[in-house]
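K.L.:
Take a look at this one; I'll ask things after.
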Amino acid sequence: MKTIFSFLFTGFIAFSYGQEIQKDTLPANELSEVIVVGTKTPLHEKQFKTLASVDEFLQKSNKIDLIKRGAYAWEPLINGMATERTVITIEGMRIFGACTDKMDPITSYVEVSNLAEATVSSGQQGTSHGNTIGGAIDLRRRDGSVQKPGLDIALLTGYESNNNQKIAGAGINYKNETFYINTDVMFRDADNYKAGNSKEISFSQFTKMNLSATSGYKLSENKLIEGSVIYDKATDVGYPSLPMDVSLAEALITSLKYEVKPLGGKIRSWESKIYFNTITHTMDDTKRPFVPIHMDMPGWSDTYGFYSNVKAHFNDHHLSGNINGFYNRSVAEMTMYPADPNENLMFMYTWPDVRTLYSGIHLEDHWQYNSNSALTFATTLGYHGNEVASEFGLQSLQIFYPEMSSTKSRFLKSFSTNYSYENNGLISGGGVAFGERAPSVSEGYGFYLYNSFDGFDYIGNPNLKNEQSLEANVYIGKTYKKWSAKVTSSYFHIKNYIIGIPDPNVAPMTIGANGIKIYAALDYASIWSNDLTLKCTLNDHFTWTSKLQYYLGKDNDNGNLPFMSPLSYASSLGHSQNKWNGMLSVKGNATQTNFNPTYGEDRTPSFAILDASIGRKFNWNANRIQVNAGVENMLDAYYSTFTDWNNLPRMGRNFFLNISFR
């Protein structure tokens, strides 16, 4: 309790101290490796498919792939690295899923109707809110303080033919001189989808509701206080590539922010926030026809946190500092119900009430030492502590680790240096970095977690060392009149690479499992990520864009790492004239030959998919109507990709219609 009190007191001091500081009107330029994939307008209005999911939007980024276990809640990969090695935040808030099978990534708790932008940072450029190896995603909703005064009402509706998905939403925004409020609701309901050739994928249905509200009050000319809440509830969510579905995934995310607006001076901005979020997740197998033994698997995650971020400008130096911290409680249970009612129930903690305390500081100096060149230096230092609060859970893990203590403390470090150059349309740069991360709750303390991808039960290892990454990155790009091109390459040498290793001396718990894997550290692994983007404005109405991506991952025995992208591509021709817009696109992958059966992978054939859409805007007095329609997977191809869990086939031909009224 004393530790918790000290943590919250530190957050309150940081929150209060920022009250007399001013905000920067000329923020330092971000490095080119930081990808902003949205704008300050509502995100759904910038897409050809206006009511696409957040997952569909994120996969347009060069750095992001998505692991699909069903039609809902896909897990983001950054530079080929899953959520253990990345940081995902909503407006700077740390949030942790409550599912041991990763059915509830943080990206599933926001909607495109209230999202303004998603900033994707590669490698150590994503450490401002915590230590990472692969990078970070920060999802940000619309800023109500800069919207136009008055009342704005939005009504949204959509339909998708393949899975009979019904979409309905509404938003009410209001602002006057001192007060604003943004509210938003979105509802989605979908049946099973059909893969190519009309093959129905059972257990792929879902129902989801998302509520969002943000309200701010202007205390003075340069001081603002803002409160926000997100409530998200998904029910009856099927996961066809997993042995269980989800009866409930529920999240409540709240925050209170104090911000000082710009008035000039050396200190340009100070923003402080305290927040709380709680997630409940219940896995369910009652709708599956053949279940060897029925199980209940609920999980809970509660997080209390804060951050305080200050920006300053001294001559050619754009400085920023962020102190942040969180306290998280993660609990997951499994109860087995034998078919014979005379037999006893079997109960265990799969996450044994693990408490995580983190506090860190991030410092950055962007030095614009001449009109063309800049250097950025950044460091992140953090304290990371774990405690197993359940005595029963601790005793269960002590079967494998007799000398294990209930607590474990770590010190995490990150350092990076990047150079950038820009002149006459030419941009280039590169950098080197070092970073560390602590093992996740599953990697450190998971107890008999079944992985249906490779068919093994996994057991955590509290004695794991920090995973460490040496990183190098380089990019070069050119813009000339009506075209632009950019190529980016990053290399990660990861020491103490954490992954499950089979242990033949331990029997599995799950019926039919291939065995037990215990998390251990390889000597090292390496990941090389590459991407190329091209854009050409053909004339006043037509624009062509294209991208290529290729990853290569190897362990210390030269074996392939899982979920590394083969050569993938996407190309689109967009048209815009008057109030009409349209797009024709193709996307696909080459054959995945760099797979590793040890991790459950197999050869994934190549594919190519055609999509098309058309849209029209109508103005009616002060109102605006936007209609978009299109077809995805036009040729109804039957295919799966390297990130589809157990070769889950993707959706076949799908017609959609989206209508928004403002």
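K.L.:
Restricting to DSSP loop positions (anything but H, G, I, E, B) with no more than 16 other Cβ atoms inside 10 Å of their own Cβ, which chymotrypsin sites (Phe, Trp or Tyr not before Pro) remain in the stretch 239-339? Walk me through the intermediate numbers first.
P.N.:
Values: sites: TYR258, TRP270, TYR275, PHE276, PHE290, TRP300, TYR304, PHE306, TYR307, PHE314, PHE326, TYR327; in loops: PHE290.
Here the sparse-neighbourhood loop sites are PHE290.
K.L.:
Still on this structure, please answer the following. In whole Hz, with x marking every Gly and Pro, tabulate ³J(HN,Hα) for the stretch 341-351 from phi via Karplus 6.51 cos²θ - 1.76 cosθ + 1.60, θ = phi - 60°.
P.N.:
Using θ = phi - 60°, the values come out as x, 7, 7, 6, 5, 10, 10, 7, 8, 7, 10 Hz.
K.L.:
Another question about this same structure. Hey, got a sec? Which trypsin sites (Lys or Arg not before Pro) in the stretch 284-371 land in a DSSP loop and have at most 15 other Cβ atoms within 10 Å? Intermediate results must be reported in sequence, preceding the final value.
P.N.:
Details: sites: LYS287, LYS311, ARG329, ARG355; in loops: LYS287.
Those that pass, being in a loop and sparsely packed, are LYS287.
K.L.:
If you don't mind, another one. Along the stretch 574-588, what does the Karplus equation 6.51 cos²θ - 1.76 cosθ + 1.60 (θ = phi - 60°) give for ³J(HN,Hα), rounded to whole Hz, x for Gly and Pro?
P.N.:
x, 10, 9, 8, 6, 9, 9, 8, x, 8, 10, 9, 9, 8, x
K.L.:
Ranked highest first by the average count of other Cβ atoms within 10 Å around their residues, in what order do 332-343, 604-615 fall? Numbers along the way, then the final one.
P.N.:
On the way: 332-343: 13.7, 604-615: 16.9.
So the peptides 332-343, 604-615, ranked by packing, come out 604-615, 332-343.
K.L.:
Okay, helix-only estimate at 222 nm for the chain: each DSSP H run of n ≥ 4 adds -39500 (n - 2.57), divide by all residues, round to 500 deg cm²/dmol; what do you get? Before the final figure, lay out each step's value.
P.N.:
On the way: 4 runs with 33 residues, N = 662.
About -1500 deg cm²/dmol.
K.L.:
For the chain, what relative contact order do you get, as a whole percent, if you take Cα pairs closer than 8 Å and at least 6 residues apart? Mind dumping the intermediate values first?
P.N.:
Details: 1912 pairs, mean separation 76.8, N = 662.
About 12 percent, as a whole number.
K.L.:
Extension gain VAL506-LEU151, at 0.36 nm per residue separation less the Cα-Cα distance, in nm?
P.N.:
Numbers: separation 355, 0.36 × 355 = 127.80 nm, distance 6.36 nm.
Extending this stretch completely gives an extra 121.4 nm.
K.L.:
Students often check this: by mean Cβ neighbours within 10 Å, which of 163-173, 76-86 ranks highest, and how do the rest follow?
P.N.:
Values: 163-173: 18.5, 76-86: 23.7.
Listed from highest to lowest mean packing, they are 76-86, 163-173.
K.L.:
Step through the residues of the stretch 214-231 one at a time and calculate ³J(HN,Hα) from phi using the Karplus curve (6.51 cos²θ - 1.76 cosθ + 1.60, θ = phi - 60°), rounding each to whole Hz and writing x for Gly and Pro.
P.N.:
Taking θ as phi minus 60°, the curve returns 9, 9, x, 10, 7, 6, 7, 4, 10, 10, 9, 10, 9, x, 9, 8, 10, 10 Hz for the stretch 214-231.
K.L.:
Would you mind ranking VAL87, VAL388, VAL146 by Cβ crowding within 10 Å, fewest neighbours first?
P.N.:
Least to most surrounded, the residues fall as VAL146, VAL87, VAL388.
K.L.:
With label points built 7 Å along Cα→Cβ from the Cα atoms of LYS465 and ILE225, find their separation and express it in nm.
P.N.:
Using points 7 Å along Cα→Cβ, the separation is 4.9 nm.
K.L.:
Let me ask another. Taking 0.36 nm per intervening residue step and subtracting the Cα-Cα distance, what contour gain separates SER571 from LYS478 on full extension? Before the final figure, lay out the partial values.
P.N.:
Working: separation 93, 0.36 × 93 = 33.48 nm, distance 1.89 nm.
Here the answer is 31.6 nm.
K.L.:
Once the Cα atoms of the stretch 495-652 are picked out, what are the Rg and Dmax in Å?
P.N.:
Over the stretch 495-652's Cα set, Rg and Dmax evaluate to 22.2, 74 Å.
K.L.:
Can you tell me what share of the DSSP beta bridges in the chain is antiparallel? A percent to the nearest 5 is fine. Spell out each step's value before the answer.
P.N.:
Numbers: 299 of 309 bridges.
The answer is about 95 percent antiparallel.
K.L.:
Counting only residues 5 or more places away or on other chains, whose amide H sits under 5 Å from the amide H of ASP636 once H atoms are built in the peptide plane?
P.N.:
ARG653
K.L.:
Quote the relative contact order of the stretch 121-207 in percent (integer), defining contacts as alpha-carbon pairs under 8 Å separated by 6+ residues. Mind showing how you got there, number by number?
P.N.:
Working: 145 pairs, mean separation 16.7, N = 87.
Normalised by residue count, the contact order of the stretch 121-207 is 19 percent.
K.L.:
Here's a follow-up. Calculate the translational D of the chain in whole µm² s⁻¹ from Stokes-Einstein, where the hydrodynamic radius comes from the Kirkwood formula applied to all Cα pairs, the temperature is 37 °C and the viscosity 0.692 mPa s.
P.N.:
Values: Rh = 26.0 Å.
It diffuses with D of about 126 µm²/s by this estimate.
K.L.:
Let me ask you something else. Residue separation times 0.36 nm, minus the C-alpha to C-alpha distance between SER215 and ASP316: what's the value? The partial results should precede the final answer.
P.N.:
Details: separation 101, 0.36 × 101 = 36.36 nm, distance 3.57 nm.
Working it through step by step, the gained length comes to 32.8 nm.
K.L.:
Can you classify the stretch 101-156 as rounded, prolate or oblate using the Cα gyration tensor, where a ≥ b ≥ c are the square roots of its eigenvalues, rounded means a/c under 1.5, and otherwise it's prolate if a/b beats b/c and oblate if not? Write down the numbers at each step before the final one.
P.N.:
Details: a/c = 3.93, a/b = 1.77, b/c = 2.22.
Oblate.
K.L.:
VAL87's amide H: which non-local residues (gap 5+, or another chain) put their own amide H closer than 5 Å, with H modeled 1.01 Å from N in plane and none for Pro or chain starts?
P.N.:
GLY135, ALA136, ILE137
K.L.:
A follow-up question, please. When a/c is below 1.5 the answer is rounded, else prolate if a/b is larger than b/c, else oblate, so apply that to the stretch 48-164 with a ≥ b ≥ c taken from the square roots of the Cα gyration tensor eigenvalues. Walk me through the numbers on the way to the answer.
P.N.:
Working: a/c = 2.03, a/b = 1.25, b/c = 1.62.
Verdict is oblate for the stretch 48-164.
Any read-out appearing in this document is the output of simple, stated calculations on the displayed coordinates, not a laboratory observation. Everything numeric here is computed off the predicted structure, so don't read it as measured data. Virtual Cβ from ideal backbone geometry, glycine too; neighbours counted across all protein chains shown.
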